[in-house]
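Reading through the C-alpha cells given below for one structure.
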Amino acid sequence: MAEIYAFPGDASRRPGEGAGPRRPEGVPDEVWRAVESVRAMERVPGVSYRELPIPTTMADYGIGVAVDCVSGDAHASGWVAVLYSHRTRRDWGSRWRCVAFAGIDLPERADDAFAPRRCWNRMRAHLAGHAAGIDGTVTIIRDTAFGKARTARAPGCELRVSWTPLDKQGSGPDAGTQVMLWSRFVRSAVVHEEEPPVDR
C-alpha cells in the first residue's frame, strides 16, 4: 500500500478541525494511531509539509512527509518516512523504522573537514531520547566554477539517515513526534536557535 492517508496541506490546520481521513479496511490499530498522531502533531513554524507516497517495497505500511523551510536566502528541505512491517524485522530490531533525508546549505565558515561530524551531531541532538540504532551518511557537496561559468553554488550537506523510533507507551511509537523532530532539524539549518544537547 503506497499511502494510507492524505496529509493535510494546510499547516495551520488544528487537530480536530474538519473531517479526518477515513481509515482504510485492514489497517492495524497501531498504524492508524500513527496516522492520527501525525495529523495531530505540532506544526513547526516556518516549515511547509506535503504527503510523500511510500513505495510498497519499503514496508507493509508507511507514512511519508516532505518538509521545506526557507528563511531569507537560506533553504533546507527533506523528507521523513515512518515505516511499519507486519513482522519484527531483524535489521530494524522492531516492526517500525524511520528513514529520512535532508539537504541543507552550509555557511562558508562551516565548510571544513569537521562539517560532516557537526551535521551528524546536530541531527542526533534533535532525535535524542526518541531514536535508537541511528545509521546513515553525510555527504558534503561543493561546486567549483571554471571559465565563463556562473558563480559556484554554496556548499551543501546531504544526510541520509535511518533509525528505530522508541516506543515509550507500549502501543507503538509516536509517529507525529518523529516527523516533528525531523522538521525541527531541517528548520535548524536555516533558523539558528540554541542547539539541543547530544550524548557523544
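The values are calculated or read from the model by the stated rules, or taken from the named source; none is laboratory data. Here the structure is a predicted model, which means the values were calculated and not measured. As a convention, Cβ positions derive from the backbone with ideal geometry for all residues, glycine included, and neighbour counts pool all protein chains shown. Keep in mind that these areas ignore ligands, DNA and RNA; they rest on the heavy atoms of the full protein, side chains included. Shrake-Rupley method; radii C 1.70, N 1.55, O 1.52, S 1.80 Å.
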Candidate cut points under GluC sites (Glu not before Pro) in region 20-61, DSSP loop plus at most 10 other Cβ atoms within 10 Å of their own Cβ, are 25
Simple spin-label estimate for residue 140/residue 112, 7 Å along Cα→Cβ, in nm, reads 1.0
Semi-axes a, b, c in Å (a largest) for region 70-137, each sqrt of 5 times a Cα gyration tensor eigenvalue, come to 29, 14, 9
Measure of exposure for residue 57: accessible area at 1.4 Å probe, Å² rounded to 10, is 130
Using a 1.4 Å probe on heavy atoms of the protein chains only, the accessible area for residue 50 in Å², nearest 10, reads 140
